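Please treat every number below as a calculation from the coordinates, not as lab data. Values in this document were obtained by computation on a predicted structure and should not be read as measured data. All Cβ positions, glycine included, derive from the backbone under ideal geometry; neighbour counts span all protein chains shown.
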Amino acid sequence: MSAVELRLPAGGLAPVAEVLAQVAAEPADGPLTVGDERVRGFLEAVARRLASPGVARTHPELVPLGFFLRRAEVSRALERLHAATGDAALRMPRGLVLHIPPANVDTVFVYSWALSALAGNHNVVRLSPRAGEAALTVLDVLLDVLADAHPAVAASQRVISYDRSDEVTAALSAACDLRVVWGGDAAVRAIRRHPLAPHARDLTFPDRSSFAVIGAAAWLSAVEEARERAVEGFANDAYWFGQAACASPRTVYWIGPPEVARPARDDFTARLAELAARRWPVDAAMAVHKHVAAYGMAADGGAARVAFHGNALAVLDLADPAAPPRHWLGTGTFAHARLDALADLTAVVRRKDQTMTHFGLTPEELHALARALAGRGVDRMVPFGAALGFSGVWDGYDLLPEFTRLVTITP
């Protein structure tokens, strides 16, 4: 059977059957349990390393991950899980969980893996051989911390790499109790061709699209510091991971009459253009891609106007606010549209829409919109700067419970 590269623990090439046999074995001092202290200690040490100045300075996008893994955050997640369970049932691990993260935002594997390990599962993570620098930095941290971790962690957790192989993916799929798949719709469909055991199931995170909403009047009335902070948050949401993350905004909706929305948008665009040119430079190849994508959308009638602000920012006026681009147009490419009222978004949102970042909207307005959407789309509403902050609830799934099974007990 085909071999895979063992990345955690580091071990060179090994047959996939051998990897599965290793990871299925029970730790010497007893099975993992939900909230196992052996795993919690490991995650806490990883969090400390990710928060170190060296890592934070080189890869600031990993700072939220370090926060997510802190002992206090982990404890709160477990408390919520146990409170929701009550006394009538016991939470148990699902067993063996297979994680297949996307290549474009490959650090996402740490979030789902960490929650699954916290739930007491044995895990196999498939990391792309073409993983980016941030993912490799995380892997280095995991390897360093593993050296001093409880042996049960090394016995029950595996990170592997292999090129596309139906044979390997089929073997991993047949052995797992839960398969977690992140990626495009085509990637999810390709993985689903490989059957699971009858009791097993998929947890999928396919193609999603996200947008931003700004109250135009609120923007114009905001103080200078608030506008600067909002633009910086918006840029972080968009430009980290090259605007390829599912939560990164691709369209900006302005709420308000034209005479208010236009000056607000002009001010926002000028600030974003200056910040992007200074902090998020775009190379020539990406600039060419953006020109082709933007003018292609205009030629197809999707954009009424296209404007470029250097290589780092492209702005498109949507011909129809109800037809935003839900595909990637290139780093720093944003469609804009105006709506009279926030409620008009109900005609725009689709099931594929995931995250709505916002500025200048009240909690009452956000709750009213969520109720009006009635689950048809938008799983998250977060302020500017919080789009890429991972939560234990993602795409509408409460992940920690998803990684467990309930055993009911009737005396």
Q: Please arrange Phe359, Phe211 by counting, for each residue, the other beta carbons lying within 10 Å of its beta carbon, fewest first.
A: Phe359, Phe211
Q: Please work out the C-alpha center-to-center distance from the range 28-63 to the range 152-223 and express it in whole Å.
A: 21 Å
Q: Post the alpha-carbon centroid distance, the range 268-282 to the range 344-375, in whole angstrom.
A: 27 Å
Q: Given the peptides 24-31, 12-19, 176-183, arrange them by the average over their residues of other C-beta atoms within 10 Å, most packed first.
A: 176-183, 12-19, 24-31
Q: Give, as a single signed number, the net charge of other residues whose beta carbon lies under 14 Å from the beta carbon of Ala72, with Lys and Arg counted +1 and Asp and Glu -1.
A: +3
Q. What order do you get for Leu146, Leu118 when you list them from fewest to most C-beta neighbours inside 10 Å?
A. Leu146, Leu118
Q: Working from Cα positions, state the angle (0 to 90°, nearest 10) between the long axis of helix 133-146 and the longest principal axis of the chain.
A: 30 degrees
Q: Give the relative contact order (percent, whole number) for the chain; include only Cα pairs under 8 Å separated by 6+ residues.
A: 18 percent
Q | Relative packing of 122-133, 50-61, which averages over residues the other C-beta atoms within 10 Å, highest first | A | 122-133, 50-61
**Q.** Rh (Kirkwood; distinct C-alpha pairs) - the range 303-402, Å
**A.** 15.3 Å
Q | Quarter of the Cα convex hull surface for the chain, i.e. its orientation-mean projected area (nm²) | A | 21.9 nm²
(Q) As I understand it, the value is the acute angle between the Cα axis of helix 108-118 and the longest principal axis of the Cα atoms of the chain; what does it come to in degrees, rounded to 10? (A) 40 degrees
